[in-house]
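Before any comments, here is the structure.
The values are calculated or read from the model by the stated rules, or taken from the named source; none is laboratory data. This structure is a prediction, so every number in the text was calculated from the model and none was measured. Here the Cβ positions follow ideal geometry from the backbone for every residue, glycine too, while neighbour counts run over all protein chains shown.
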Amino acid sequence: MFVFTADKAGMKGVDKQHVQEVVHKMSKDSSFYQKSLRDNEKVEQRVAAMREKLACLTGGQQLRLQQEADVRVKQLEATRDLSRTIVVVDMDMFYAAVEMRDNPKLRDVPLAVGGLNMISTTNYAARQFGVRAAMPGFIGKELCPQLHFVPVNMEKYAGVAAQIRAVFAEYDPDFEAFSLDEACLDLTDYVAMNWQKYVSVAQGEVECTEGDDDQEWASSTEGRVEIAAAVVRELRKKIFDCTQLTASAGIAVNAMLAKVFLIFVS
């Protein structure tokens with residue numbers, strides 16, 4: 001029910017049970033909580049209806065539906081494109097990181113950007129208490145009494161985002177911005193045109209057979225992965241050099257998988 005109790009970067013080791021208890025205590029009398037209960041009940045009713053419908057199917061009907069699904073899966077497999085090199089980049093605790101960069105006194109304190117009504121993001125020190133983005137600030141304060149609030153400054157964050165996007169554009173002029181701090185880049189064309197620049201660095205990350213042709217290796221699955229990783233390391237370094245902020249990234253053949261890997265590495 002409460003998405004702000006889910007895991008996020010920097011929340012390893014958090015006592016989830018304690019967080020859930022605090023969230024429940026602070027929310028149970030709110031209209032939002034009551035609406036969430038009603039919404040959950042509707043979902044459970046829909047699930048029960050689907051299960052009842054499934055139970056009424058004969059063995060033959062289930063087999064036919066399974067066969068139709070198998071055919072559809074094969075059709076989708078035939079259209080899957082595994083040739084692209086996609087990266088999703090997400091700035092680490094972006095708003096909080098900007099505030100910590102501009103005010104070093106905030107670096108070692110639990111920090112939330114936002115207010116008592118809603119938190120936009122938090123730093124890792126605050127996340128150790130279970131305080132995270134999309135959580136009401138008054139709940140965050142209950143979890144972490146020493147939580148320090150800084151008001152949102154969208155003008156400042158937009159300015160930093162413009163610097164970051166200028167870096168993105170060097171690698172993919174048509175990148176897709178998901179938000180101020182997250183974007184998806186298609187590196188396929190960039191890698192195809194610039195692989196020679198990265199091949200020696202990329203090969204240094206793996207064991208290559210002596211005499212391997214550079215172009216042949218760069219075209220292999222291993223080569224594509226390592227070269228893409230080298231490009232993304234360079235991209236992240238450029239972001240840090242111009243903003244003093246760190247970024248995480250996930251690389252895959254499509255945006256969905258790249259996002260999954262981004263979540264995994266974060």
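Restricting attention to the stretch 154-172, does a residue exist that is aliphatic (A, V, I, L, M) and farther than 26 Å from residue 238 by Cβ?
So far as the stretch 154-172 goes, no, none of its residues is aliphatic (A, V, I, L, M) and farther than 26 Å from residue 238 by Cβ.
For residue 53, work out the one condition from (1) surrounded by fewer than 10 Cβ atoms within 10 Å (Cβ to Cβ); (2) under 30 Å from residue 229 (Cβ atoms) it doesn't fulfil.
(2)
So for the stretch 188-195 (the condition being within 22 Å of the chain's Cα centre (by Cα) and touching a residue at least 60 places away in the same chain (Cβ under 8 Å)), does at least one residue qualify? Can you show your working first?
Keep residues of the stretch 188-195 that are within 22 Å of the chain's Cα centre (by Cα), which gives 188.
If we keep only those that are touching a residue at least 60 places away in the same chain (Cβ under 8 Å) too, we end up with 188.
Yes, because at least one residue in the stretch 188-195 is within 22 Å of the chain's Cα centre (by Cα) and touching a residue at least 60 places away in the same chain (Cβ under 8 Å).
Taking the stated definitions as given, is residue 11 assigned to a helix (DSSP H, G or I) and modelled with pLDDT under 90? Steps first, answer last, please.
Details: assigned to a helix (DSSP H, G or I): no; modelled with pLDDT under 90: yes.
No; evaluated as a whole, the condition is false for this residue.
Would you pick out the residues in the stretch 115-127 that are free of Cβ contacts under 8 Å to residues at least 60 places away in the same chain and either over 22 Å from residue 243 (Cα atoms) or more than 22 Å from the chain's Cα centre (by Cα) (or both)?
115, 116, 117, 118, 119, 126
If you check 67, 75, 62, which single one turns out to be surrounded by fewer than 10 Cβ atoms within 10 Å (Cβ to Cβ) and over 30 Å from residue 107 (Cβ atoms)? Outline the logic, then answer.
Details: 67 fails: surrounded by fewer than 10 Cβ atoms within 10 Å (Cβ to Cβ); 62 fails: surrounded by fewer than 10 Cβ atoms within 10 Å (Cβ to Cβ).
The conditions single out 75.
Among (1) of a type in the set (A, V, I, L, M, F, W, C); (2) free of Cβ contacts under 8 Å to residues at least 60 places away in the same chain; (3) within 14 Å of residue 190 (Cα to Cα), where does residue 235 come up short?
Of (1) of a type in the set (A, V, I, L, M, F, W, C); (2) free of Cβ contacts under 8 Å to residues at least 60 places away in the same chain; (3) within 14 Å of residue 190 (Cα to Cα), only one is false for residue 235: (2).
Pick from the stretch 128-152 the residues that are surrounded by fewer than 19 Cβ atoms within 10 Å (Cβ to Cβ) and in contact (Cβ under 8 Å) with a residue 40 or more places away in the chain: which of them is nearest to residue 105 (Cα to Cα)?
Looking at residues that are surrounded by fewer than 19 Cβ atoms within 10 Å (Cβ to Cβ) and in contact (Cβ under 8 Å) with a residue 40 or more places away in the chain, I get 148.
Could you please find all residues in the stretch 160-182 being touching a Ser or Thr at 6+ places or on another chain (Cβ under 7 Å) and either polar (S, T, N, Q) or surrounded by fewer than 19 Cβ atoms within 10 Å (Cβ to Cβ) (or both)?
Matches in the stretch 160-182: 163 only.
With the condition kept exactly as written, say whether any residue in the stretch 77-91 is small (Gly, Ala, Ser) and within 26 Å of residue 242 (Cβ to Cβ).
No, the stretch 77-91 contains no residue that is small (Gly, Ala, Ser) and within 26 Å of residue 242 (Cβ to Cβ).
Which pairs have Cβ atoms under 9 Å, sit 6 or more apart or on different chains, and link a residue in the stretch 69-92 that is among the basic types (Lys, Arg) to one that is outside any strand (DSSP E or B)?
Once the first residue is among the basic types (Lys, Arg) and sits in the stretch 69-92, its partners that are outside any strand (DSSP E or B) give 80/253; 80/254; 84/187; 84/188; 84/253; 84/254.
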